[in-house]
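Take a look at the structure set out below.
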């Protein structure tokens, strides 16, 4: 079933925006009466059909509306240093949205390889992954901020920083992740700097390991997301 985005879903007839209409009528070449799914990014998923395909303003008919669709009993926020290769960072975002994530904060660290991001492009990847996985909640994508500014603003208690300290025996999977609000920080390819790790420790952010293997940044981010998801199944 094809899935489309509607910012506000109402019973009966709705209109797709220009981008979604083009995808419906010109790319997918959908016909009148074809079944489809619809999400609003706020947790609502609906089913219905194509009432009138049009390349600029397709009409759709909403038949069933499901609030809090697949609502998760936990929340996950990953703060991560974007990779130099933007494709790898987009891949991280795409897979985490498919698995389930609530918030993403790009971090500018001392050893960061990328210092500029285009959030508009990244949000398009988020929407695509939402429709692919039928996740009806649009994760919040924050603007790129420095490590220091981010850490200074951290609240709550279930906060972790994943890094390469081989003497650290604490594994992420062994932490309290079930039905909790969790923040996990992931550094750049060269890891967090000693100063950044010291600052995190001063803010009572728990250092954790993701296992014995050295992972690329985007892989580490996905492992964090999947670990929290598995714990909450």
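The values are calculated or read from the model by the stated rules, or taken from the named source; none is laboratory data. Model, not experiment: these values are computed from the prediction. Heads up, the Cβs are rebuilt from the backbone with ideal geometry, glycines too, and the neighbour counts pull from every protein chain shown.
Looking at (1) within 22 Å of residue 89 (Cα to Cα); (2) more than 18 Å from the chain's Cα centre (by Cα); (3) at pLDDT 95 or above, which one does residue 211 not meet, given that it meets all the others?
Here residue 211 meets the rest and fails (3).
Check off (1) outside the structural domain of residue 219 (by TED's automatic domain parsing); (2) buried (at least 16 other Cβ atoms within 10 Å of the Cβ); (3) in a helix (DSSP H, G or I) for residue 26 and give me the number that stays unchecked.
(2)
With respect to residue 37, is the statement that it is more than 30 Å from residue 151 (Cβ to Cβ), without any contact (Cβ under 8 Å) to a residue 60 or more places away in the chain and either outside the structural domain of residue 186 (by TED's automatic domain parsing) or outside any loop (DSSP other than H, G, I, E, B) (or both) true?
Details: more than 30 Å from residue 151 (Cβ to Cβ): yes; without any contact (Cβ under 8 Å) to a residue 60 or more places away in the chain: no; either outside the structural domain of residue 186 (by TED's automatic domain parsing) or outside any loop (DSSP other than H, G, I, E, B) (or both): yes.
In short, no.
Table: residues versus (1) at pLDDT below 95; (2) more than 13 Å from residue 77 (Cβ to Cβ).
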{"residue": "94", "(1), (2)": "no, yes"}
{"residue": "108", "(1), (2)": "no, yes"}
{"residue": "113", "(1), (2)": "yes, yes"}
{"residue": "140", "(1), (2)": "no, no"}
{"residue": "143", "(1), (2)": "no, yes"}
{"residue": "186", "(1), (2)": "no, no"}
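In the list 129, 200, which residue meets the criterion of being surrounded by 17 or more Cβ atoms within 10 Å (Cβ to Cβ), in a helix (DSSP H, G or I), in contact (Cβ under 8 Å) with a residue 40 or more places away in the chain and on the phi < 0 side of the Ramachandran plot?
None of the other options fit; the residue is 200.
Tell me, which residue of segment 106-121 that is out of contact with any helix residue (DSSP H, G or I) (no Cβ under 6 Å at 6 or more places or on another chain) and not in a loop (DSSP other than H, G, I, E, B) is farthest from residue 40 (Cα to Cα)?
108
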